[in-house]
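Notes follow once the structure below has been shown.
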Amino acid sequence: MNNIESDLQTRWWNLEARLVERFEKKPDMETILFLIGIQELGDVRNKFTKEQKQDLMHVATCTLLAQSGYYEMEKVDEDGWPHFRQVKSLPVMNLMEQENFMKDHILLYFTNNGFMD
């Protein structure tokens, strides 16, 4: 593991620790995306359908990748759901690189939203 991966892993463990403090259990990547989706939608109802959960994770992914210019918000529909369009292609990556790419964007999101230093 090189220094960049080591730093990413350390920052990721710090985020996980903060989320465990907040929610009393360690969330996986899908759960973190779901939480970001809820944050972006601004709707904290108790129940979402399976389709809505998938939509929330899509909103989260687009929001995260918008930070690096891959997506941009196009509009918010009448139900308050944000819609995005892809503005540039994502780099070709293997599974590990994809995971680190997403972790890096999640960390940036939490930093930009005042949850992490």
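Before moving on, here are some points about what is shown:
- Odd one out for residue 59 among (1) at positive phi; (2) in contact with a helix residue (DSSP H, G or I) (Cβ under 7 Å, 6 or more places away or on another chain): (1)
- When residues in the range 1-58 are screened for being over 16 Å from residue 106 (Cα atoms), of a type in the set (Asp, Glu) and touching a residue at least 12 places away in the same chain (Cβ under 8 Å), 2 of them pass.
- Only one entry in 33, 56, 65 is touching a Ser or Thr at 6+ places or on another chain (Cβ under 8 Å), part of a helix (DSSP H, G or I) and not charged (D, E, K, R), namely 33.
- In the condition set (1) under 21 Å from residue 13 (Cα atoms); (2) assigned to a loop (DSSP other than H, G, I, E, B); (3) without any contact (Cβ under 8 Å) to a residue 60 or more places away in the chain, residue 115 is compliant with all but (3).
Each value in this text was obtained by applying a stated rule to the coordinates, not by laboratory testing. Since we're looking at a predicted model, the values are computed, not measured. In this analysis, Cβ positions are derived from the backbone assuming ideal geometry, glycine residues included, and neighbour counts consider all displayed protein chains.
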